[in-house]
Amino acid sequence: MPVVSVGDMAQQFISMRNGGTIKTDLARLAESLSTGRVTDITAELGGETTRLSGINYSLAQLDGYEQAGRETGLMLANMQTLLNKVDATRGETGARLLLLSDSSTGDQINEAARAAGSAFETIVNTLNTRLADRTLMGGNEVDAPALAAADDMLADIQTALAGSTTVADITTGLDAWFDDPMGGFATMGYLGDTGPAQQKQVSENKRFDIDVRADDPAIKDVLKAAALAAVASELPGLDDRMKSDLLQESGLRMFSSASGIVAAQSRIGFVETGVEQALVETAAQRTALEMSKNDLISADPFDTASKLQSVQLQLETHYSVTARLSQLSLLDYI
(Lines give C-alpha, C1' and ligand atoms only; values in the text may rest on other atoms or scores of the structure.)
Protein backbone atom coordinates (compact mmCIF):
# COMPACT_ATOMS: atom_id res chain seq x y z
CA MET A 1 0.00 0.00 0.00
CA PRO A 2 1.52 3.33 -1.03
CA VAL A 3 2.36 5.80 1.71
CA VAL A 4 1.67 9.47 1.13
CA SER A 5 4.10 11.62 3.03
CA VAL A 6 3.56 15.26 3.98
CA GLY A 7 6.47 17.59 3.77
CA ASP A 8 7.54 19.82 6.62
CA MET A 9 6.32 22.98 4.90
CA ALA A 10 2.91 21.45 4.15
CA GLN A 11 2.68 20.18 7.70
CA GLN A 12 3.33 23.70 8.95
CA PHE A 13 0.55 25.15 6.80
CA ILE A 14 -1.90 22.45 7.93
CA SER A 15 -1.04 23.17 11.55
CA MET A 16 -1.54 26.92 11.06
CA ARG A 17 -4.86 26.35 9.33
CA ASN A 18 -6.14 24.07 12.09
CA GLY A 19 -4.97 26.51 14.75
CA GLY A 20 -6.70 29.38 12.99
CA THR A 21 -9.96 27.44 12.80
CA ILE A 22 -9.86 26.66 16.49
CA LYS A 23 -9.07 30.29 17.36
CA THR A 24 -12.00 31.46 15.24
CA ASP A 25 -14.34 29.07 17.05
CA LEU A 26 -12.93 30.24 20.38
CA ALA A 27 -13.47 33.94 19.51
CA ARG A 28 -17.00 33.23 18.28
CA LEU A 29 -17.95 31.41 21.47
CA ALA A 30 -16.33 34.09 23.64
CA GLU A 31 -18.34 36.77 21.86
CA SER A 32 -21.56 34.77 22.25
CA LEU A 33 -20.88 34.28 25.95
CA SER A 34 -20.21 38.01 26.51
CA THR A 35 -23.10 39.33 24.39
CA GLY A 36 -25.61 36.62 25.13
CA ARG A 37 -26.36 36.22 21.41
CA VAL A 38 -25.22 33.70 18.86
CA THR A 39 -22.81 35.04 16.26
CA ASP A 40 -23.84 32.77 13.40
CA ILE A 41 -27.60 33.26 13.38
CA THR A 42 -28.19 31.43 10.11
CA ALA A 43 -26.43 28.31 11.36
CA GLU A 44 -28.22 28.53 14.72
CA LEU A 45 -31.61 28.65 12.97
CA GLY A 46 -30.70 25.93 10.50
CA GLY A 47 -31.17 28.33 7.60
CA GLU A 48 -34.79 29.05 8.55
CA THR A 49 -34.54 32.83 8.96
CA THR A 50 -38.02 33.78 7.70
CA ARG A 51 -39.45 34.32 11.15
CA LEU A 52 -36.48 36.41 12.25
CA SER A 53 -36.74 38.53 9.09
CA GLY A 54 -40.42 39.11 9.80
CA ILE A 55 -39.67 40.23 13.35
CA ASN A 56 -36.95 42.61 12.15
CA TYR A 57 -39.34 44.06 9.55
CA SER A 58 -42.03 44.59 12.19
CA LEU A 59 -39.51 46.26 14.51
CA ALA A 60 -38.45 48.62 11.71
CA GLN A 61 -42.09 49.52 11.12
CA LEU A 62 -42.56 50.20 14.82
CA ASP A 63 -39.51 52.49 14.72
CA GLY A 64 -41.20 54.56 12.02
CA TYR A 65 -44.54 54.68 13.83
CA GLU A 66 -42.87 55.60 17.10
CA GLN A 67 -40.97 58.47 15.49
CA ALA A 68 -44.15 59.70 13.78
CA GLY A 69 -46.02 59.46 17.08
CA ARG A 70 -43.40 61.41 19.00
CA GLU A 71 -43.21 64.11 16.33
CA THR A 72 -47.00 64.37 16.25
CA GLY A 73 -47.16 64.57 20.03
CA LEU A 74 -44.57 67.35 20.05
CA MET A 75 -46.46 69.24 17.35
CA LEU A 76 -49.75 68.95 19.26
CA ALA A 77 -48.12 70.07 22.51
CA ASN A 78 -46.75 73.18 20.79
CA MET A 79 -50.15 73.89 19.22
CA GLN A 80 -51.65 73.78 22.69
CA THR A 81 -48.96 76.14 23.93
CA LEU A 82 -49.58 78.74 21.25
CA LEU A 83 -53.36 78.49 21.71
CA ASN A 84 -52.80 79.09 25.41
CA LYS A 85 -50.86 82.22 24.52
CA VAL A 86 -53.60 83.37 22.14
CA ASP A 87 -56.18 82.78 24.85
CA ALA A 88 -54.09 84.61 27.43
CA THR A 89 -53.76 87.62 25.11
CA ARG A 90 -57.49 87.48 24.41
CA GLY A 91 -58.35 87.32 28.10
CA GLU A 92 -56.03 90.11 29.23
CA THR A 93 -57.02 92.44 26.41
CA GLY A 94 -60.72 91.72 26.73
CA ALA A 95 -60.69 92.30 30.48
CA ARG A 96 -59.01 95.66 30.02
CA LEU A 97 -61.41 96.77 27.33
CA LEU A 98 -64.47 95.77 29.33
CA LEU A 99 -63.42 98.26 32.00
CA LEU A 100 -64.30 101.09 29.60
CA SER A 101 -67.69 102.73 29.90
CA ASP A 102 -69.56 105.73 28.60
CA SER A 103 -68.04 107.74 31.43
CA SER A 104 -64.42 106.92 30.51
CA THR A 105 -62.23 109.92 29.76
CA GLY A 106 -60.45 110.53 26.50
CA ASP A 107 -57.11 109.69 28.06
CA GLN A 108 -58.44 106.38 29.39
CA ILE A 109 -59.89 105.51 25.99
CA ASN A 110 -56.68 106.37 24.13
CA GLU A 111 -54.58 104.43 26.62
CA ALA A 112 -56.82 101.37 26.26
CA ALA A 113 -56.71 101.72 22.47
CA ARG A 114 -52.90 101.86 22.44
CA ALA A 115 -52.67 98.82 24.71
CA ALA A 116 -55.24 96.85 22.71
CA GLY A 117 -53.79 97.85 19.35
CA SER A 118 -50.85 95.50 19.72
CA ALA A 119 -53.05 92.50 20.65
CA PHE A 120 -53.84 91.74 17.00
CA GLU A 121 -50.14 91.67 16.07
CA THR A 122 -49.31 89.49 19.08
CA ILE A 123 -52.00 86.96 18.18
CA VAL A 124 -50.97 86.88 14.51
CA ASN A 125 -47.32 86.35 15.39
CA THR A 126 -48.27 83.60 17.81
CA LEU A 127 -50.33 81.79 15.18
CA ASN A 128 -47.36 82.00 12.80
CA THR A 129 -45.19 80.02 15.23
CA ARG A 130 -42.96 77.42 13.57
CA LEU A 131 -41.57 74.19 14.96
CA ALA A 132 -38.44 72.74 13.34
CA ASP A 133 -38.99 75.24 10.50
CA ARG A 134 -42.53 73.92 9.92
CA THR A 135 -45.62 76.11 10.36
CA LEU A 136 -47.96 74.70 12.98
CA MET A 137 -51.26 76.39 12.16
CA GLY A 138 -51.25 76.28 8.36
CA GLY A 139 -52.66 72.78 7.91
CA ASN A 140 -50.82 70.77 5.29
CA GLU A 141 -48.98 73.92 4.14
CA VAL A 142 -45.97 73.85 6.45
CA ASP A 143 -43.47 75.96 4.50
CA ALA A 144 -45.30 79.30 4.39
CA PRO A 145 -46.63 81.36 7.30
CA ALA A 146 -50.18 80.55 8.35
CA LEU A 147 -51.19 84.23 8.29
CA ALA A 148 -50.10 87.34 6.48
CA ALA A 149 -48.31 90.01 8.50
CA ALA A 150 -50.55 91.89 10.91
CA ASP A 151 -49.74 95.26 9.30
CA ASP A 152 -50.66 93.95 5.84
CA MET A 153 -54.01 92.64 7.04
CA LEU A 154 -54.82 95.83 8.92
CA ALA A 155 -53.96 97.92 5.86
CA ASP A 156 -56.33 95.83 3.73
CA ILE A 157 -59.05 96.05 6.40
CA GLN A 158 -58.71 99.83 6.55
CA THR A 159 -59.04 99.99 2.77
CA ALA A 160 -62.20 97.87 2.98
CA LEU A 161 -63.59 100.16 5.69
CA ALA A 162 -62.95 103.36 3.76
CA GLY A 163 -66.06 105.51 3.93
CA SER A 164 -67.46 103.82 7.06
CA THR A 165 -68.64 106.55 9.40
CA THR A 166 -70.50 104.68 12.15
CA VAL A 167 -69.66 101.94 14.61
CA ALA A 168 -72.21 99.67 12.92
CA ASP A 169 -70.65 100.28 9.50
CA ILE A 170 -67.16 99.52 10.84
CA THR A 171 -68.14 96.31 12.62
CA THR A 172 -70.21 95.13 9.66
CA GLY A 173 -67.41 95.89 7.21
CA LEU A 174 -64.83 94.13 9.39
CA ASP A 175 -67.04 91.04 9.70
CA ALA A 176 -67.51 91.01 5.94
CA TRP A 177 -63.73 91.16 5.40
CA PHE A 178 -63.20 88.11 7.62
CA ASP A 179 -66.22 86.12 6.39
CA ASP A 180 -65.99 86.71 2.62
CA PRO A 181 -65.06 83.30 1.12
CA MET A 182 -63.77 84.94 -2.05
CA GLY A 183 -61.73 87.80 -0.62
CA GLY A 184 -60.40 89.51 2.48
CA PHE A 185 -59.14 87.07 5.08
CA ALA A 186 -59.71 84.04 2.83
CA THR A 187 -57.43 85.30 0.07
CA MET A 188 -54.85 87.60 1.66
CA GLY A 189 -55.13 86.96 5.40
CA TYR A 190 -54.92 83.18 5.72
CA LEU A 191 -52.01 81.74 3.72
CA GLY A 192 -52.19 78.11 4.81
CA ASP A 193 -53.79 75.06 3.26
CA THR A 194 -57.58 74.98 2.90
CA GLY A 195 -57.95 71.32 1.92
CA PRO A 196 -58.56 68.26 4.08
CA ALA A 197 -57.18 68.13 7.60
CA GLN A 198 -53.65 66.93 8.28
CA GLN A 199 -53.51 63.18 8.75
CA LYS A 200 -50.92 61.54 10.99
CA GLN A 201 -50.39 57.78 10.89
CA VAL A 202 -48.99 56.83 14.29
CA SER A 203 -49.56 53.07 14.23
CA GLU A 204 -50.62 50.37 11.81
CA ASN A 205 -54.31 50.92 12.56
CA LYS A 206 -54.42 54.43 14.05
CA ARG A 207 -54.51 57.59 12.01
CA PHE A 208 -55.60 60.96 13.35
CA ASP A 209 -56.94 64.09 11.70
CA ILE A 210 -55.59 67.42 12.97
CA ASP A 211 -58.09 70.02 11.81
CA VAL A 212 -57.21 73.05 13.97
CA ARG A 213 -55.77 75.76 11.73
CA ALA A 214 -55.46 79.53 11.79
CA ASP A 215 -58.65 79.79 9.70
CA ASP A 216 -60.64 77.80 12.26
CA PRO A 217 -63.89 79.68 13.07
CA ALA A 218 -62.96 79.82 16.76
CA ILE A 219 -59.57 81.37 16.02
CA LYS A 220 -61.06 83.68 13.40
CA ASP A 221 -63.48 85.03 16.03
CA VAL A 222 -60.52 85.99 18.23
CA LEU A 223 -58.79 87.61 15.26
CA LYS A 224 -61.95 89.58 14.48
CA ALA A 225 -62.17 90.88 18.04
CA ALA A 226 -58.48 91.81 18.14
CA ALA A 227 -58.66 93.43 14.70
CA LEU A 228 -61.58 95.56 15.87
CA ALA A 229 -59.46 96.89 18.73
CA ALA A 230 -56.59 97.54 16.33
CA VAL A 231 -58.91 99.37 13.94
CA ALA A 232 -60.15 101.57 16.79
CA SER A 233 -56.60 102.71 17.40
CA GLU A 234 -55.62 103.03 13.72
CA LEU A 235 -58.60 104.40 11.76
CA PRO A 236 -58.38 108.16 11.28
CA GLY A 237 -61.23 110.48 12.12
CA LEU A 238 -62.74 108.53 15.03
CA ASP A 239 -63.88 110.54 18.04
CA ASP A 240 -63.52 109.27 21.60
CA ARG A 241 -67.11 108.02 21.73
CA MET A 242 -66.70 105.88 18.60
CA LYS A 243 -63.36 104.56 19.82
CA SER A 244 -64.89 103.65 23.15
CA ASP A 245 -67.82 101.88 21.51
CA LEU A 246 -65.51 99.92 19.19
CA LEU A 247 -63.19 98.95 22.03
CA GLN A 248 -66.08 97.84 24.22
CA GLU A 249 -67.47 95.78 21.35
CA SER A 250 -64.01 94.26 20.88
CA GLY A 251 -63.89 93.37 24.59
CA LEU A 252 -67.31 91.71 24.43
CA ARG A 253 -66.27 89.71 21.36
CA MET A 254 -63.06 88.61 23.02
CA PHE A 255 -65.03 87.47 26.05
CA SER A 256 -67.55 85.51 23.95
CA SER A 257 -64.82 83.88 21.82
CA ALA A 258 -63.32 82.09 24.83
CA SER A 259 -65.52 79.00 24.46
CA GLY A 260 -64.40 78.49 20.86
CA ILE A 261 -60.73 78.46 21.85
CA VAL A 262 -61.50 75.95 24.61
CA ALA A 263 -63.30 73.74 22.07
CA ALA A 264 -60.31 73.90 19.69
CA GLN A 265 -57.95 72.97 22.52
CA SER A 266 -60.22 70.07 23.43
CA ARG A 267 -60.05 68.72 19.88
CA ILE A 268 -56.27 68.87 20.01
CA GLY A 269 -56.30 67.25 23.44
CA PHE A 270 -58.41 64.38 22.12
CA VAL A 271 -55.81 63.68 19.44
CA GLU A 272 -53.00 64.01 22.00
CA THR A 273 -54.63 61.31 24.12
CA GLY A 274 -54.96 59.02 21.11
CA VAL A 275 -51.32 59.54 20.12
CA GLU A 276 -50.12 58.81 23.66
CA GLN A 277 -52.17 55.62 23.72
CA ALA A 278 -50.74 54.58 20.35
CA LEU A 279 -47.20 55.13 21.66
CA VAL A 280 -47.94 52.92 24.68
CA GLU A 281 -49.30 50.19 22.40
CA THR A 282 -46.26 50.50 20.13
CA ALA A 283 -43.94 50.11 23.12
CA ALA A 284 -45.81 46.97 24.21
CA GLN A 285 -45.59 45.49 20.71
CA ARG A 286 -41.89 46.28 20.59
CA THR A 287 -41.30 44.51 23.90
CA ALA A 288 -43.13 41.40 22.71
CA LEU A 289 -41.24 41.29 19.41
CA GLU A 290 -37.86 41.82 21.06
CA MET A 291 -38.61 38.96 23.46
CA SER A 292 -39.43 36.71 20.50
CA LYS A 293 -36.26 37.81 18.74
CA ASN A 294 -34.16 37.12 21.82
CA ASP A 295 -35.64 33.64 22.02
CA LEU A 296 -34.40 33.00 18.48
CA ILE A 297 -30.89 34.44 18.69
CA SER A 298 -29.95 34.30 22.35
CA ALA A 299 -27.11 31.97 23.32
CA ASP A 300 -27.56 29.51 26.19
CA PRO A 301 -24.87 30.62 28.67
CA PHE A 302 -24.28 27.14 30.11
CA ASP A 303 -24.10 25.42 26.73
CA THR A 304 -21.87 28.20 25.35
CA ALA A 305 -19.55 28.05 28.35
CA SER A 306 -19.27 24.28 27.98
CA LYS A 307 -18.41 24.58 24.29
CA LEU A 308 -15.95 27.37 25.06
CA GLN A 309 -14.15 25.16 27.59
CA SER A 310 -14.07 22.31 25.10
CA VAL A 311 -12.59 24.48 22.35
CA GLN A 312 -10.09 25.95 24.79
CA LEU A 313 -8.95 22.43 25.67
CA GLN A 314 -8.77 21.63 21.96
CA LEU A 315 -6.57 24.68 21.35
CA GLU A 316 -4.27 23.75 24.24
CA THR A 317 -4.00 20.20 22.84
CA HIS A 318 -3.22 21.62 19.40
CA TYR A 319 -0.41 23.72 20.84
CA SER A 320 0.97 20.71 22.73
CA VAL A 321 0.93 18.49 19.64
CA THR A 322 2.48 21.21 17.54
CA ALA A 323 5.25 21.65 20.08
CA ARG A 324 5.94 17.92 20.20
CA LEU A 325 6.07 17.66 16.41
CA SER A 326 8.44 20.59 16.19
CA GLN A 327 10.89 18.73 18.43
CA LEU A 328 11.09 15.60 16.25
CA SER A 329 14.39 15.15 14.45
CA LEU A 330 15.89 12.29 12.43
CA LEU A 331 19.12 12.71 14.30
CA ASP A 332 17.41 11.54 17.50
CA TYR A 333 16.91 8.13 15.89
CA ILE A 334 20.23 7.61 14.18
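The values are calculated or read from the model by the stated rules, or taken from the named source; none is laboratory data. Keep in mind that this is a model prediction, so the values were computed, not measured. As a convention, Cβ positions derive from the backbone with ideal geometry for all residues, glycine included, and neighbour counts pool all protein chains shown. The area values use the complete protein model at the heavy-atom level, side chains included, leaving out ligands, DNA and RNA. Shrake-Rupley method; radii C 1.70, N 1.55, O 1.52, S 1.80 Å.
When the accessible area of region 118-207 is computed with all protein chains present and a 1.4 Å probe, what percentage of it is carbon and sulfur?
Using a 1.4 Å probe with all protein chains present, region 118-207 comes out at 48 percent carbon and sulfur.
At what distance in angstrom do the alpha carbon centres of region 170-198 and region 249-289 lie from each other?
Between the Cα centre of region 170-198 and that of region 249-289, the gap is 25 Å.
Once you list every other residue whose beta carbon is under 13 Å from the beta carbon of residue 240, what net charge do they have if Lys and Arg are +1 and Asp and Glu are -1?
Overall, the nearby charge balance is -3.
State the extension gain, in nm to one decimal, for the chain segment bounded by residue 144 and residue 165, taking 0.36 nm per residue of separation less the distance between their alpha-carbons.
3.9 nm
If amide hydrogens are placed 1.01 Å from N in the peptide plane, which non-local residues have theirs closer than 5 Å to the one on residue 131?
The list, which skips near neighbours in sequence, is 136.
Taking a label point 7 Å from the Cα of residue 239 along the Cα→Cβ vector, which residues of region 77-106 have an amide N closer than 11 Å to it?
none
Counting heavy atoms of the protein chains only and a 1.4 Å probe, report the per residue accessible area for region 105-162 as a whole number of Å².
About 45 Å² of surface per residue is accessible.
Taking a probe of 1.4 Å, how large is the accessible area per residue of region 212-256, in Å²?
36 Å²
Assuming R0 = 35 Å, what is the FRET efficiency of residue 204 and residue 129, from their Cβ-Cβ distance, to the nearest 0.05?
About 0.65, to the nearest 0.05.
Just from the alpha-carbon atoms, what are the Rg and Dmax of region 135-292 in angstroms?
Gyration radius and largest Cα-Cα distance of region 135-292: 20.9, 78 Å.
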